[in-house]
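Presented below is the structure to which this report refers.
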Amino acid sequence: MNLPAAVQVEGRVLTVRRSGHYHVLSIAVPGIADVAKPGQFVTIAVGGENSSMLLRRAFSIASVDDRSAYGGVIEIVVSGDGPGTKWLVNRHRDDHLNLVGPLGKPYPLPKNPVHAILIGGGYGAANLPWLAKALLQRGCRIETILGAATDQKVYGQLETRRVGGLVTITTDDGSIGTQGRVTDVLPAAFDRTNAAVVYACGPMAMLQAITEMAARYHAVVQAAVEESMACGIGVCMTCVLPITDTSGVTRLVRSCTEGPVFDGASVRWNDVGKLPKDIYGAAGMSGH
Ligand SMILES: Cc1cc2nc3c(=O)[nH]c(=O)nc-3n(C[C@H](O)[C@H](O)[C@H](O)COP(=O)(O)OP(=O)(O)OC[C@H]3O[C@@H](n4cnc5c(N)ncnc54)[C@H](O)[C@@H]3O)c2cc1C
Ligand code: FES
């Protein structure tokens with residue numbers, strides 16, 4: 001897949017609005033909105049010029065408007081829980097932000113008009129309405145599952161319902177939708193749809209559970225991981241994941257450049273964050 005090179009640009013905040021636990025920032029940013037695809041992300045410098053927060057923070061591009069009067073606008077959905085994201089959600093109209101993007105590889109879209117299930121955990125649901133539109137344009141049928149700890153942390157109910165298809169919600173505390181996890185309602189979704197592909201974004205444990213369940217239904221999982229990223233451009237190796245290729249060889253792969261979307265079946269979920277002994281290049285390996 002040929003992707004346009006990422007650019008580093010100065011963006012301007014247009015709006016910051018609250019959506020439950022999250023803040024949605026809409027940012028006028030030239031050179032990103034017109035080339036970005038669902039699944040890609042941006043990194044943003046936080047804290048201002050004299051900040052000690054040296055590392056950029058990564059955010060999925062939730063949506064784009066490349067025809068706006070501002071010459072390209074993107075939206076990001078931010079959970080303001082740590083120092084960098086708190087700084088970001090306290091920005092105001094006309095504040096400037098330094099962004100790099102679009103980064104990473106997008107969700108691959110099916111060639112044939114299959115049935116797809118989209119699953120988002122918390123802010124992982126941010127880019128699903130945009131992805132859903134792209135799938136519908138290809139003639140796919142979709143349904144969506146949104147999961148989170150509480151009703152305030154379920155993102156995108158309105159946006160998702162607006163796009164179409166059945167929407168099922170789960171929360172850990174039962175404050176909205178079915179009490180439980182997304183995998184509690186996934187078997188029923190497979191029974192209804194016989195889906196060939198699942199698109200999922202959220203915590204690692206959720207992605208692993210979805211991948212294991214989808215295997216029983218012979219469905220492919222396109223999993224967007226949110227592995228910690230320091231540089232976002234393939235230089236620092238903080239974001240590596242153990243991925244097994246079709247010949248059975250496991251390599252540590254950078255999730256910022258090779259991902260963030262991976263075939264769930266290729267990820268060694270139990271070894272994430274570890275250095276498996278049988279990995280390609282490890283001491284004692286004969287190599288391939
Ligand atoms: C591809 C990708 C897409 C993301 N999309 C979103 C999004 O749409 N909305 C959103 O709110 N957050 C998203 N995140 C997570 C977001 O980058 C972190 O929440 C943020 O970096 C935390 O910074 P902080 O200073 O507020 O908190 P801290 O926890 O203090 O962060 C300190 C450092 O830890 C790293 N870090 C902490 N938590 C995470 C995490 N969950 N994932 C990756 N790095 C982390 C950061 O890089 C940062 O350098 C995404 C992460 C990745 C990798
Ligand atoms: S974040 Fe630096 S290599 Fe991926």
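The values are calculated or read from the model by the stated rules, or taken from the named source; none is laboratory data. Since the model is a prediction, treat every value here as computed from it, not as a measurement. Cβ coordinates were reconstructed from backbone atoms using ideal geometry, including for glycine residues, and neighbour counts include every protein chain displayed.
Just a few scattered comments:
- Among residues of region 71-90 that are over 19 Å from Q40 (Cα atoms) and in contact (Cβ under 8 Å) with a residue 12 or more places away in the chain, those with a beta-carbon under 7 Å from a residue that is hydrophobic (A, V, I, L, M, F, W, C) and loosely packed, with under 15 Cβ neighbours inside 10 Å at least six positions away or on a different chain give the pairs P83/M53; G84/M53.
- Residues that are over 18 Å from the mean Cα position of the chain (by Cα) and at negative phi within region 201-242 comprise E212, M213, A214, A215, R216, Y217, A219, V235, C236, P242, listed in sequence order.
- One residue stands out in region 199-230 among those that are charged (D, E, K, R) and surrounded by 17 or more Cβ atoms within 10 Å (Cβ to Cβ): the one that is farthest from ligand 1 (Cβ to nearest atom), namely E227.
- Taken across region 129-140, residues that are in contact with a helix residue (DSSP H, G or I) (Cβ under 6 Å, 6 or more places away or on another chain), part of a loop (DSSP other than H, G, I, E, B) and away from ligand 2 (no atom under 16 Å from the Cβ) do not occur at all.
- Check on Y70, outside the structural domain of V235 (by TED's automatic domain parsing), of a type in the set (F, W, Y) and surrounded by fewer than 18 Cβ atoms within 10 Å (Cβ to Cβ): yes
- Evaluation of V221 against the conditions (1) within 16 Å of ligand 2 (Cβ to nearest atom); (2) part of a strand (DSSP E or B); (3) within 19 Å of G124 (Cα to Cα) shows that the sole unmet condition is (1).
Conditions (1) within 16 Å of the chain's Cα centre (by Cα); (2) modelled with pLDDT under 95, marked per residue:
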| position | (1), (2) |
| --- | --- |
| R17 | no, no |
| A28 | no, no |
| D34 | no, yes |
| N50 | no, yes |
| D65 | no, yes |
| E75 | yes, no |
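- Residue list for region 50-108, restricted to those being under 27 Å from L135 (Cα atoms) and within 16 Å of ligand 2 (Cβ to nearest atom): A58, F59, S60, V100, G101, P102, L103, G104, K105
- Long-range neighbours under 8 Å by Cβ, at least six apart or interchain, first residue assigned by TED's automatic domain parsing to the domain that holds L166 within region 128-139, second part of a loop (DSSP other than H, G, I, E, B) and surrounded by fewer than 15 Cβ atoms within 10 Å (Cβ to Cβ): R138/P113; G139/P113
- Selection count where residues are in contact (Cβ under 8 Å) with a residue 60 or more places away in the chain, closer than 21 Å to Y123 by Cα and not polar (S, T, N, Q), scope region 8-31: 9
- Region 229-269, residues that are more than 26 Å from A5 (Cβ to Cβ) and within 13 Å of ligand 2 (Cβ to nearest atom): none
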